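Engineer: Starting off with a structure, shown below.
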Amino acid sequence: MTQNSNELKKGKRISPSFNSEQISLINRLVGVLGKDPSDVVRTIFLNYLSEKDITTDIIKKKLELTPEVR
């Protein structure tokens, strides 16, 4: 396994800051978009990337760089 694979399995913590209104909204979404506030934020973030086709663009670029398997 490469170092990047190990990093992805472990994950990396980041600490975004939210104001009280945002925290309240995140807390109201617990149970709907995730089991806890961190799950809710993760879901919102991944949905945003998907909606903007950012993840699709990254995957397409990686596939272009990867040699074709025959």
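Engineer: Restricted to the range 6-38, and to residues that are modelled with pLDDT under 95 and of a type in the set (D, E, K, R), which residue is most open to solvent (accessible area, probe 1.4 Å)?
Structural biologist: Once the filter is applied, the top-ranked residue is R13.
Engineer: Hey, among the residues in the range 39-57 that are among the aliphatic types (A, V, I, L, M) and at pLDDT below 95, which one's most open to solvent (accessible area, probe 1.4 Å)?
Structural biologist: Restricting to residues being among the aliphatic types (A, V, I, L, M) and at pLDDT below 95, the top hit is L46.
The values are calculated or read from the model by the stated rules, or taken from the named source; none is laboratory data. Not measured: the values here are computed from a predicted model. The area values use the complete protein model at the heavy-atom level, side chains included, leaving out ligands, DNA and RNA. Shrake-Rupley method; radii C 1.70, N 1.55, O 1.52, S 1.80 Å.
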